[in-house]
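These notes are about the structure you will find just below.
Quick note: the coordinates plus some simple rules give every number you see, no bench work behind them. Note that the coordinates shown come from a computational prediction; the quantities given were computed from them, not determined experimentally. Counting neighbours? That spans all protein chains shown, and the Cβs are built from the backbone with ideal geometry, glycine included.
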Amino acid sequence: MGLLSFISNAGRDIFGGNKGNEAQQIKAEIEKELGGNVSNIGVMFNEGKVTLQGEAKSLAAKEKAALIAGNVKGVESVNDDRLNVAGAPAPASTTRYYKIQSGDSLSKIAKEFYGDANRYNDIFEAKKEVIKDPDLIYPGQQIRIP
């Protein structure tokens, strides 16, 4: 995937005003959400830029790790070039991403990408680590379309 851009003033505020330990907080969030799907995860944080390293069990886990890190208030970009997929060279990504706009809903996004609004649950099920509630998405949040 490489470098993903995010809106730095959007997203969940996991730092709570605490400066200096952003990398550890992002790492803890990724490990909490992805568990054994990532290993030897390393996170570097510098002025809104996050770099991930380590190993993901799958391309989907790698993509989710980048989205978890990027959808944090205060993060403007995530570089995941050093987060490798276990046992395989990193393939060229054909993943589609979508940045949530004001007025969007998962059913509206499903209608746009799949032609069927009722497939909103396909998006939600694939993003449970990033989207906690299908009714609580926010403008600027970036999601992966399976």
Checklist entry - Which residue, ASN71, ASN40, ASN84, has the most motion in a Gaussian network model of the chain that connects Cα atoms within less than 10 Å? => result ASN40
Next on the checklist: Expected output is a single nm value to one decimal: the length gained when fully extending between LYS57 and LEU3, i.e. 0.36 nm times separation in residues minus the C-alpha distance. What is it?
Outcome noted: 17.5 nm
Checklist entry - Pulled fully out, how much extra length does the chain show between MET44 and TYR97, if you take 0.36 nm times their separation in residues and subtract their Cα-Cα distance? => result 16.8 nm
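How high is the relative contact order of segment 1-106, in percent, with contacts defined as C-alpha pairs under 8 Å that are six or more residues apart?
On the way: 172 pairs, mean separation 36.3, N = 106.
In percent, rounded to a whole number, it is 34.
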Checklist outcome for this item: Inter-part gap, Cα centre of segment 110-135 to Cα centre of segment 26-59, in whole angstrom, is 23
Next on the checklist: Within the chain, which whole H helices from DSSP have a Cα span along their axis of at least 15 Å and a mean Kyte-Doolittle hydropathy of -1.0 or more, if any?
Outcome noted: 22-34, 59-70
Checklist entry - Which label belongs to the value computed from this structure, given these candidates for semi-axes √(5λ) of the Cα gyration tensor in Å: (i) 37, 19, 16; (ii) 24, 19, 13; (iii) 35, 20, 13? => result (ii)
Checklist outcome for this item: Taking the chain and counting helices only, DSSP H stretches of n ≥ 4 at -39,500 (n - 2.57) each over all residues, the nearest-500 ellipticity at 222 nm comes to -8500 deg cm²/dmol
Next on the checklist: Can you compute the FRET efficiency between ARG12 and ALA86 using 1/(1 + (r/R0)^6), with r the Cβ-Cβ distance and R0 = 22 Å? Round to the nearest 0.05.
Outcome noted: 0.20
